[in-house]
Amino acid sequence: MSEISFRDAFKAAMVEALTEDSRVFLMGEDVGHYGGCYAVSKGLLDDFGAQRIIDTPLSESGFVGAGIGAAIGGMRPIVEIMTVNFSLLALDQIINNAATLRHMSGGQVSVPLVIRMACGAGKQLAAQHSHSFEGLYAHVPGLKVLYPGTIGDARYMLKMALADPDPVIIFEHVMLYNQTGTLPETDNIAPMEKAVIRKTGTDLSIITWGGCLYKAMQAAEQLEEQGYNIEVVDLRCLRPLDRDTIIDSVRRTHKALIVDESWKSVGMSAEISATLAEQALWYLDAPVRRICGIEVPTPYADHLEKASLPQVPQIVEAAVQMLQSTIPTPEVK
Amino acid sequence: MSSNKLHVSREHLHFLLKQMIRIRRFEERCVTLYSEEKIRGFLHLYNGEEAISVGVMQALNSQDAVLATYREHGHALARGVPMNDIMAEMFGKQTGCSGGRGGSMHLFDISRRFFGGNAIVAGALPLAVGLALADKMQQRPVVTCCFFGEGAVAEGEFHESLNLAKLWQLPILFICENNRYAMGNALELEESNQNIYLKAANYGLASQVVDGMNVVDVEAASQLACTAIRNGAGPHFIECQTYRFRGHSMFDTQLYRSSSEIDEWKKMGPIIQLTHWLKSNHQIEAEELQAMEQAVDREIDAAVADAENAAVEPLEGLLTHVYAEAPHE
Ligand SMILES: Cc1ncc(C[n+]2csc(CCOP(=O)(O)OP(=O)(O)O)c2C)c(N)n1
């Protein structure tokens, strides 16, 4: 068992894919000579050459579309978009082409494409570099959306994504890159579309994913010290959504607290709440609570940015309120 | 300067030099403050490119509009945004020119028609088209000036904007700051045709290349372009050839270029060039230069002290500035 960083886990996954399958190539802005904006692809240009590690110009719509075309043409592209906000320039290609070609061709066209992108806040990068749009992509049928929050998933999910015949988006939270963890000894991890219970518990389920998973785990630990037994559900895959695991967890704990870095309205947390209302209402002993990003474009100032994101003390506080059943009238903000 | 076709006074040259030194030293202080973690986020320095914003700004008046990128400290300073307001913004303080919400990449000062630092590459070009369209529709005789790097030229928004600008014959001055690298991507890896000004010419814009290291050349070209634009000649395009002396941002290890290449370009730097010319033509005394630098340092010291002491916005305000009024729910 060895300790590695998320950055190295993501990189090791790419090295493996590039080594094992000659159809795989990586393209994106500054993936080669610069070494990757977040240094994930550092050294790959030297090892695999400019034919397979392709530095693209600033042309998100163009090179994402080219990735779709190359996937249709028999390649297995990994397209890196530097930051989720820039993927908005390629939204047309992702939604109007990647997600729809199979359907509108009556099943004739496959797009086995993987798109990786950095996302999330916490580095004071302000309102054009910090967002969480996984819910936006998870809205779209035809796409699969992965969000690794553990070292094992960072290391092994890419392989499953590349084996998938459909377009898969992988989110990488910028605050995770430097975090380290223990690499599982085997690549025998849960299938990519399954949620995983990271910590079992009986009193309350925290449901989260990606960049909020470690915050949920920390909160669970603190709650444990206060005598509560908390379960943490890591969704891992936001589309398709493993509703069964969510419902199953809540069936046992009877309380659900959702932690989502993105805005509360009309997003993933709303989808999970609706699932619980539709399929698990009678198991619930308390109203569902959500700790989400505050609905502002991410502010630059440190204290404002921190206040706009889910933080551990908030998760603990909400959980304690739910556990003590001193539920305030549901907040409206 | 020999290539100068503009008649410039000694005072004006001193003014240009001082503006460039202001920008250079302001940013050098920012580097220190960044290492002290007073300034956070991304910090993109304009080191080496100062002649462009300083030169172009001489051709604009207070009614003209300016748009820039995330590398815009120099543009904000040259436009006349007070240094204190900029420094406070970098500190994330409420007194900052964007109220602490924007930071280094998003300096705004609408009272000076400075429409921001935009951190989506090419993102400001369509806005420039719209601002100019509004001016044209309301018959205001002003110019919209949009700065961007050569990296933006590969984006669809660049091409769409140039086409619209010419199609609608809008009063826009496009300034491409060609520093030969988009982050770590060299020009040869960015553009199939590296003559950027030709792309604009293809859309029918009056287009030219200037030495972006020569502040007087930049000013002269901008003056001519602005006069033409104000006379109804439609959009103009100037490609300013330059070089960034430091990394793309504070995180750049610069694996993509050699230090000897950087050193070669540094010899042609805009401040060195002008200082050298002034000295060898006996247009500046050592004491004058020293006084200039001291005045700049005093201004920076004051801006830092002011930013240190300024208040941060109370947390209660978090939801403001999303809509004209905070939402009632
Ligand atoms: C749409 C978009 N894609 C990618 C980025 C990341 N990025 C920021 S600056 C930059 C390089 C831009 O180079 P250039 O336009 O030449 O300007 P310079 O930074 O050299 O001033 C990149 C890739 C971004 N901000 N926006």
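The numbers here are math on the coordinates, done by the rules we state, and not lab data. Remember, predicted model here, so these are calculated numbers, not experimental data. For neighbour counting, all protein chains shown are included, and Cβ atoms are generated from backbone atoms with ideal geometry for every residue, glycine included.
Which of the residue pairs A:Lys42/A:Lys194; B:Lys18/B:Lys136; B:Lys18/B:Lys267; A:Lys42/B:Lys266; A:Lys215/A:Lys306 have a Cα-Cα distance greater than 25 Å in the structure shown? Walk me through the intermediate numbers first.
Details: A:Lys42/A:Lys194 31 Å; B:Lys18/B:Lys136 35 Å; B:Lys18/B:Lys267 19 Å; A:Lys42/B:Lys266 28 Å; A:Lys215/A:Lys306 13 Å.
Long pairs (Cα-Cα over 25 Å): A:Lys42/A:Lys194; B:Lys18/B:Lys136; A:Lys42/B:Lys266.
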Output the antiparallel fraction of DSSP beta bridges having both residues in chain B, as a percent to the nearest 5. 10
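Run through the DSSP bridge list for chain A and note the antiparallel percent, rounded to the nearest 5.
Values: 8 of 42 bridges.
Within chain A, antiparallel bridges account for around 20 percent of the total.
Using Cβ contacts closer than 10 Å as the measure, can you line up A:Asp248, B:Asp109, A:Asp285 from fewest to most? Show your work: numbers first, answer last.
On the way: A:Asp248 17, B:Asp109 20, A:Asp285 14.
Final ranking by Cβ density, sparse to dense: A:Asp285, A:Asp248, B:Asp109.
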Any lysines whose Cα falls less than 17 Å from that of A:Lys255, other than same-chain ones fewer than 8 residues away, would be A:Lys199
May I ask for the distance between the Cα centers of region A:15-70 and region A:274-304, given as a whole number of Å? 36
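Going by the alpha-carbon gyration tensor, a ≥ b ≥ c the square roots of its eigenvalues, is region B:195-329 rounded (a/c under 1.5) or, if a/c is not under 1.5, prolate (a/b greater than b/c) versus oblate? Numbers along the way, then the final one.
Numbers: a/c = 1.69, a/b = 1.20, b/c = 1.41.
It comes out oblate by the Cα gyration axes.
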Please go through region B:29-60 and write out the GluC sites (Glu not before Pro) that DSSP classes as loop and that have at most 10 other C-beta atoms within 10 Å. B:Glu36, B:Glu37
Which is farthest toward the positive dipole end of region B:10-306 among B:Met57, B:Asn195, B:Gly149, measuring Cα position about the Cα centre, with Cβ charges +1 (Lys, Arg) and -1 (Asp, Glu)? B:Met57
Rounded, prolate or oblate: which fits region B:10-306 when a ≥ b ≥ c are the square roots of the eigenvalues of the alpha-carbon gyration tensor, with rounded for a/c under 1.5 and prolate only if a/b beats b/c? rounded
If you average the alpha carbon positions of region A:155-211 and of region B:237-292, how far apart do those two centres end up, in angstrom? 48
Give the aspartates and glutamates reachable from B:Lys199 as a straight Cα distance under 15 Å; neighbours fewer than 8 places away on the same chain don't count. B:Glu150, B:Glu155, B:Glu157, B:Glu160, B:Glu177, B:Glu190, B:Glu191, B:Glu239
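Pull up the DSSP beta bridges for the protein assembly as shown and report the antiparallel fraction as a percent, rounded to 5. Each step should come with its number before you reach the end.
Numbers: 11 of 69 bridges.
Counting only bridges with both partners in the protein assembly as shown, antiparallel ones make up about 15 percent.
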If one builds a Gaussian network model of chain B from Cα atoms under 10 Å apart, the most fluctuating residue listed among B:Ala128, B:Ala65, B:Ala201 is B:Ala201
Do you know the relative contact order of chain A, to the nearest whole percent, from alpha carbon pairs under 8 angstrom that are 6+ apart? 16
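Using the Cα gyration tensor of chain A, with a ≥ b ≥ c the square roots of its eigenvalues, what is the shape: rounded (a/c below 1.5), prolate (a/b larger than b/c) or oblate (neither)? Intermediate results must be reported in sequence, preceding the final value.
Numbers: a/c = 1.75, a/b = 1.65, b/c = 1.06.
Note, shape of chain A comes out prolate.
Find out how many positive minus negative residues lie around B:Gly103, taking Lys and Arg as positive, Asp and Glu as negative, among other residues whose Cβ is under 14 Å from that of B:Gly103.
Numbers: positive: A:Lys123, B:Lys38, B:Arg40, B:Arg71, B:Lys93, B:Arg101; negative: A:Asp302, A:Glu305, B:Glu37, B:Glu72, B:Asp85, B:Glu89, B:Glu313.
Once positives and negatives cancel, what remains is -1.
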